[in-house]
1. Quick one: would you say residue 42 is under 30 Å from residue 120 (Cα atoms), among the aromatic types (Phe, Trp, Tyr) and assigned to a strand (DSSP E or B)?
2. Would you call residue 75 closer than 30 Å to residue 130 by Cβ, in contact with a Ser or Thr (Cβ under 8 Å, 6 or more places away or on another chain), in a strand (DSSP E or B) and not aromatic (Phe, Trp, Tyr)?
3. Do we find that residue 95 is part of a loop (DSSP other than H, G, I, E, B), of a type in the set (Ser, Thr, Tyr), surrounded by fewer than 12 Cβ atoms within 10 Å (Cβ to Cβ) and at pLDDT 90 or above in this structure?
4. Starting from the stretch 36-59, take each residue that is without any contact (Cβ under 8 Å) to a residue 60 or more places away in the chain and list its partners that are part of a loop (DSSP other than H, G, I, E, B) and loosely packed, with under 11 Cβ neighbours inside 10 Å, counting only C-beta distances under 9 angstrom and pairs at least six apart or across chains.
5. Any chance the stretch 14-31 includes a residue that's within 23 Å of the chain's Cα centre (by Cα), surrounded by 11 or more Cβ atoms within 10 Å (Cβ to Cβ), modelled with pLDDT of 90 or more and of a type in the set (D, E, K, R)?
6. Which of the numbered conditions does residue 7 fail, given that it passes all the others? Conditions: (1) over 18 Å from residue 76 (Cβ atoms); (2) surrounded by 11 or more Cβ atoms within 10 Å (Cβ to Cβ).
7. Restricting to the stretch 78-92, and then to whatever is in a helix (DSSP H, G or I) and of a type in the set (Ser, Thr, Tyr), can you tell me which residue is modelled with the highest pLDDT?
8. Can you find a residue in the stretch 48-60 that is of a type in the set (A, V, I, L, M) and assigned to a strand (DSSP E or B)?
Amino acid sequence: MNEFVVTISGKRREVRVLSPQTLSLDGQVYAYELISIDSSNYILRIDDKFFHISYHKKKNGEFLVTVDSETYDVLIQTSLQEKAAKLIEHKTAGSRKIDIIAPMPGMLLKIKKGKGERIRQGESIMILEAMKMENDIKSPKEGVILDIHVQESKAVEKGELLFSLE
């Protein structure tokens, strides 16, 4: 089952894909079908209602989505990504040096940035594989990487220090 947190113009919604034909939106189950017109246009059927949807990807899970003639700012995250972002946000509030810890146990597949590199907020720093899914560990703010505390192809535990930045 795929679980997502979709924030539409500031309003948080929980979406669970239960099967290829059913989904749960905030606990309410619906029949659905998504028909691709082209790479960014779709027809969405929910129960017996049809909607024309188009989107433009902005950055890091952020989209500008038009449903019929209404346009919305949308942020799409897996439930795990939302938990990790909240954990990082909580750990980094109020300090200049930030220590980023592993939000879950897993295998560190790739380190994309190195010590001393300047990074942007939301930029991918490393890839952590957990439960057969690749999770992007992103920077919570702009800064410079002070140190990388882990190695590629090594297991990490939940709460283990991954990297520090300032």
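The values are calculated or read from the model by the stated rules, or taken from the named source; none is laboratory data. Because the structure is a prediction, the values reported are computed rather than measured. Quick reminder, even Gly has a Cβ in these numbers, built from the backbone with ideal geometry, and neighbours come from all protein chains shown.
1. Details: under 30 Å from residue 120 (Cα atoms): no; among the aromatic types (Phe, Trp, Tyr): yes; assigned to a strand (DSSP E or B): yes.
The answer is no for residue 42.
2. Working: closer than 30 Å to residue 130 by Cβ: yes; in contact with a Ser or Thr (Cβ under 8 Å, 6 or more places away or on another chain): yes; in a strand (DSSP E or B): yes; not aromatic (Phe, Trp, Tyr): yes.
The answer is yes for residue 75.
3. Working: part of a loop (DSSP other than H, G, I, E, B): yes; of a type in the set (Ser, Thr, Tyr): yes; surrounded by fewer than 12 Cβ atoms within 10 Å (Cβ to Cβ): yes; at pLDDT 90 or above: no.
Judged against the criteria, residue 95 is not a match.
4. That search, which allows pairs on different chains as well, returns 51/68; 52/68; 52/69; 53/68.
5. Among the residues of the stretch 14-31, at least one is within 23 Å of the chain's Cα centre (by Cα), surrounded by 11 or more Cβ atoms within 10 Å (Cβ to Cβ), modelled with pLDDT of 90 or more and of a type in the set (D, E, K, R), which makes the answer yes.
6. The number of the failed condition is (1).
7. So in the stretch 78-92, the residues in a helix (DSSP H, G or I) come out as 79-92.
From what is left, the residues that are of a type in the set (Ser, Thr, Tyr) are 79, 92.
On the way: 79: 79, 92: 52.
Here the residue is 79.
8. Within the stretch 48-60, the subset of a type in the set (A, V, I, L, M) is 53.
Retained after the next criterion (residues that are assigned to a strand (DSSP E or B)): 53.
Yes, the stretch 48-60 contains at least one residue that is of a type in the set (A, V, I, L, M) and assigned to a strand (DSSP E or B).
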